[in-house]
Amino acid sequence: MRRKRSNENVQRDILYNLFGVTIEQYEQVLKSQNGKCAMCGIVQIKDHELIVDYNYKENRIRGLLCEKCFDIIYQIGNDLELLEKAALYLKGQLCVKSKSSSEVADT
C-alpha cells in the first residue's frame with residue numbers, strides 16, 4: 001500500500017524538479033520579500049502560495065509572484081518594450097492607430 005505524500009514533500013519535489021530550487025531557498029526568498037509578491041506587494045496567504053518566477057537565461061529565481069502578477073509576466077513573455085507600452089496604454093498615453101483598408105491596399 002502506498003503512503004500518501006505530504007503537501008510539503010510534493011511542493012519540495014516540484015520546486016526542485018522544475019527549478020532546481022530547494023524549499024529552503026524558496027523560504028529564503030519569501031523572507032527577503034517579507035512574504036509579499038515581488039511585483040504588487042500582496043501578502044501571501046496560506047491557500048495561495050507565491051509562484052516562483054524563474055529566469056532561465058540567468059538560471060536563478062527572479063522573485064516570487066502572486067498568480068495575477070505571474071500571469072502578466074508569463075503573457076508578456078519578458079518583453080520589456082511591450083510592458084512599457086502596456087503601462088502607457090493604461091495611463092491613456094498610447095493609442096496605436098490601425099492602418100485603414102486603403103493604406104493596406106497601397107502597400
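What follows is calculated from the coordinates using simple rules that are stated; it is not laboratory data. The model shown is predicted, which means the values in this text are computed figures rather than measured ones. We place every Cβ from the backbone using ideal geometry, glycine too, and count neighbours over all the protein chains shown.
Figures for the structure shown
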quantity	calculated
Burial ordering of Ile76, Ile51, fewest other beta-carbon atoms within 10 Å first	Ile76, Ile51
Placed amide H near Arg62: partners under 5 Å, 5+ positions off or other chain	Asp53, Tyr54, Asn55
Whole-Hz ³J(HN,Hα) from phi, Karplus 6.51 cos²θ - 1.76 cosθ + 1.60, for the stretch 69-77, glycine and proline x	5, 4, 4, 4, 4, 5, 5, 6, x
Karplus-derived 3J(HN,Hα), 6.51/-1.76/1.60, for each residue of the stretch 14-31, Hz, glycine and proline x	4, 4, 6, 5, 7, 10, x, 10, 8, 4, 5, 5, 4, 5, 5, 5, 4, 5
Neighbourhood net charge (12 Å Cβ-Cβ; Lys/Arg +1, Asp/Glu -1) for Leu30	-1
Simple label model, 7 Å out from Cα along Cβ direction - Val43 to Tyr74, nm	2.6 nm
Simple spin-label estimate for Asn34 and Ala87 in nanometres, 7 Å along Cα-Cβ	2.1 nm
Over 31 Å (Cα to Cα) - which of Lys68/Lys97; Lys68/Lys91; Lys57/Lys97 fall in this group	Lys57/Lys97
Full-extension gain in nm, Gln25 to Cys95, via 0.36 nm per residue minus C-alpha separation	20.9 nm
3J(HN,Hα) from dihedral phi, the stretch 34-39, Karplus parametrisation 6.51/-1.76/1.60, rounded to Hz, x for glycine, proline	6, x, 10, 4, 5, 9
Listed residue (Leu64, Tyr74, Met39) projecting farthest to the positive dipole end of the stretch 7-78, Cβ model	Met39
